[in-house]
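A.B. asks: Attaching a single structure in structure tokens format; questions to follow.
Any read-out appearing in this document is the output of simple, stated calculations on the displayed coordinates, not a laboratory observation. Bear in mind the structure is a predicted one, so any value in this text is a computation, not a measurement. Note that each Cβ is placed from the backbone with ideal geometry, even for glycine, and that neighbours are counted across all protein chains shown.
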Amino acid sequence: MKTVEERLARRALGMKGSEIRRLFKMSMKPGVISFAGGLPDPQSFPSEEAAEILPSLLRQNGKILLQYGSARGDTTLIQVIQNRMRQKDIETEPEEILITAGAQQVMDLCAKILVNPEDTILLESPSFIGALGVFRNYQARLVGVSMDESGIRLESLVDVLKTLREEENLPKFLYTIPNFHNPTGALMSQGKRRRLLEIADEFDLLILEDDAYGDLWFDGDGQEVLPIKSLDKQQRVIYTGSFSKIISPGIRLGWAAGPRELIEKFELARQVADVCPSPLIQALVVRLAEDGYLDHHIPQLREIYRLRRDAMLAALAKYMPEGVFWTTPRGGFYIWVTLPEQLDASELFPKAVEKNVAYVIGQPFYPDESIKNTLRLSFSHEPEEMIEEGIRRLGEAMREALVKD
Ligand SMILES: Cc1ncc(COP(=O)(O)O)c(C=O)c1O
């Protein structure tokens, strides 16, 4: 009899559990202060509100809400999303929107609909691991473009595009996270967004803009940068948003907004994948939006996460040894740390866990996994007092590792 391995499709052979998951397990012991997962603060979830709304929805409309729904998504929720995007200067028609199982499904649909094996996808280096994973599952060739504090480096992007054009292998799309990037926390400047679209015109490039963290800005008024999609005159941008970080990830709701022909294809693909988003959960989100909960809740989230970011930045300044550098995010969940060259973040990891603190190593975030001395800290999940203590422990682990070196 054949082994399971021998029965696998070629595309499944490359699928493997990430190093992160293995390390994550190591850190799942009592007493560990974890800066590892990109988890929202569970205290902020609307469990009370949902406990009130769901029974009333079921009583009023249960027979419909427990039935299959539209593969495109609920029309009222689509309107809610249109209105929310309009506040960011994105004008869309309902036909240009698909409700999805989170932003993650949008990445899957983009790869499924646009990418053949060996096709190239460009993305920031480092980039979101969930995106790297899904693109690899479609056997794409991933080409990373380096970043600085204001996002992707446009000179490097142009160089890469010129080389790919010479090879007659222009990318299917560029995947970018312009707002409070995962993992670096970087915010792409408005000037870069404009210039990026000019470059996209020059190379006829599609852009997948992932805005999972866009509402979670801490400084200013949130208007100083607008989504790339808001500047898009040529229908080059597929925009994805998510309710995961502003309501809860467990409701699994996000959306894609893009050219209608593409959205139609996405809908067909999703219909045979997961059929439709849950009508009941969509109705819950509509009610939360209509009751004003979202407008009230998002500023509260900004405050919670801003205080945590500030606590982490203050603790880093106090406890990090010389030669360690970190980013200063203006929103989102993450701080990106660069260690002195001689320190390897995965060798440091067990020592940190011994001291009861955990992070995510940086290496798997790079498409070519070439860099070993970076790590990601998430400030979203632990309260401020734990953040200070966790960073103190991490500083201690680093100092000890540096002395031994
Ligand atoms: C940049 C980025 N995009 C997308 C996602 C996935 O979000 P969702 O829960 O909406 O699928 C995450 C989750 O952490 C993320 O960090």
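A.B. asks: Computed over the Cα atoms of segment 263-405, what is the convex hull's projected area averaged over all directions, in nm²? Don't jump to the answer; show the numbers that get you there.
C.D. replies: Values: hull surface 49.1 nm².
The Cα convex hull of segment 263-405, projected and averaged over all directions, gives 12.3 nm².
A.B. asks: If each residue's Cβ is checked for other Cβ atoms within 10 Å, how do 149, 224, 341 rank with the fewest at the top?
C.D. replies: Ordered from fewest to most neighbouring Cβ atoms within 10 Å, 149, 224, 341 come out as 341, 224, 149.
A.B. asks: Right, something else. Using per-residue counts of other Cβ atoms within 10 Å, averaged over each peptide, order 302-310, 21-29 from highest down.
C.D. replies: Details: 302-310: 18.3, 21-29: 13.3.
So the peptides 302-310, 21-29, ranked by packing, come out 302-310, 21-29.
A.B. asks: Right, something else. Distance between Cα centroids, segment 221-275 to segment 28-44: provide it in whole Å.
C.D. replies: About 27 Å separates the Cα centre of segment 221-275 from the one of segment 28-44.
A.B. asks: With helices defined as uninterrupted DSSP H runs, which ones in the chain have an alpha carbon span along their own long axis of at least 27 Å and mean Kyte-Doolittle hydropathy of at least -0.5?
C.D. replies: Working: long enough: 293-319 (39 Å, -0.40); 384-404 (31 Å, -0.52).
Counting only whole DSSP H runs, the qualifying helices are 293-319.
A.B. asks: Next up: Once you have all Cα-Cα distances for segment 8-115, histogram them in 10 Å bins from zero and send the whole-percent values.
C.D. replies: Per 10 Å bin, starting at 0, the Cα pair percentages come out as 9, 22, 31, 27, 11.
A.B. asks: Per DSSP helix of 4 or more residues, -39500 (n - 2.57); summed, then divided by the residues of the chain. What does that give at 222 nm, rounded to the nearest 500?
C.D. replies: Details: 14 runs with 178 residues, N = 405.
Roughly -14000 deg cm²/dmol at 222 nm, from the helical runs in the chain.
A.B. asks: Grab the eigenvalues of the alpha-carbon gyration tensor for segment 95-253, scale each by 5, take roots, and send me the semi-axes largest first in whole angstrom.
C.D. replies: On the way: eigenvalues 106, 76, 41 Å².
Semi-axis lengths for segment 95-253 are 23, 19, 14 Å.
A.B. asks: Separate question: What does the charge count near residue 18 come to, summing +1 for each Lys or Arg and -1 for each Asp or Glu among other residues with Cβ under 11 Å from its Cβ? List each step's numbers first, then the result.
C.D. replies: Working: positive: 16, 21, 22, 136; negative: 19, 369.
Within the 11 Å Cβ shell, the charges total +2.
A.B. asks: Sticking with this one: For the ranges 389-401, 241-253, 64-76, what's the packing order if you count other beta-carbon atoms within 10 Å of each residue, average per peptide, and put the highest first?
C.D. replies: Details: 389-401: 19.5, 241-253: 22.2, 64-76: 16.2.
So the order, starting with the most tightly packed, is 241-253, 389-401, 64-76.
A.B. asks: Please arrange 172, 162, 404 by counting, for each residue, the other beta carbons lying within 10 Å of its beta carbon, fewest first. Provide the component values of the computation, followed by the final result.
C.D. replies: Numbers: 172 22, 162 11, 404 7.
In increasing order of surrounding Cβ atoms, one gets 404, 162, 172.
A.B. asks: Going toward the positive end of the dipole of the chain, with +1 on Lys and Arg Cβ and -1 on Asp and Glu Cβ, which of 222, 171, 151 do you reach last?
C.D. replies: Looking along the dipole axis, the top candidate is 171.
A.B. asks: What does the charge add up to near residue 141, with Lys and Arg as +1, Asp and Glu as -1, over the other residues with Cβ less than 13 Å from its Cβ?
C.D. replies: Details: positive: 136, 172; negative: 118, 119, 167, 368.
The answer is -2.
A.B. asks: To continue, here is another question. Considering only C-alpha atoms, what is the centroid distance from segment 313-382 to segment 51-109, in Å?
C.D. replies: What the calculation gives is 36 Å, centre to centre.
A.B. asks: Among 56, 346, which comes first, then next, by fewest other beta-carbon atoms within 10 Å? If you can, show how the numbers build up before the last one.
C.D. replies: Values: 56 10, 346 14.
With the fewest neighbours first, 56, 346 line up as 56, 346.
A.B. asks: Please build a GNM for the chain, connecting alpha carbons under 10 Å apart, and tell me which residue among 53, 99, 238 fluctuates the most.
C.D. replies: So, out of 53, 99, 238, the one fluctuating most is 53.
A.B. asks: For the modelled label position 7 Å from the Cα of residue 25 along Cα-to-Cβ, which residues of segment 361-405 have backbone nitrogen atoms closer than 17 Å?
C.D. replies: 361
A.B. asks: Starting from the 7 Å offset along Cα-to-Cβ, what nm value, one decimal, do you get for the label separation of residue 63 and residue 303?
C.D. replies: It works out to 4.5 nm between the two label points.
A.B. asks: A follow-up question, please. How much net charge surrounds residue 90 when only the other residues with a Cβ under 15 Å from the Cβ of residue 90 are counted, with Lys and Arg +1 and Asp and Glu -1? Don't skip to the end; give the middle numbers.
C.D. replies: On the way: positive: 84, 86, 88, 193, 229, 233, 236, 260; negative: 89, 91, 93, 95, 96, 209, 210, 211, 215, 232.
My count for the surroundings of residue 90 gives -2.
A.B. asks: Let's see if you can work this out: charge +1 on each Lys and Arg Cβ, -1 on each Asp and Glu Cβ, no other charges. What is the dipole magnitude of segment 48-293 about its Cα centre, in debye to the nearest 20? Walk me through the numbers on the way to the answer.
C.D. replies: Details: 26 positive and 38 negative charges, 112 e Å.
Approximately 540 debye in magnitude.
A.B. asks: Could you give log10 I(q)/I(0) at q = 0.06, 0.09 Å⁻¹ for the chain, computed by the Debye formula over C-alpha point scatterers of equal weight, without solvent?
C.D. replies: Listed by q, the Debye log ratios stand at -0.25, -0.57.
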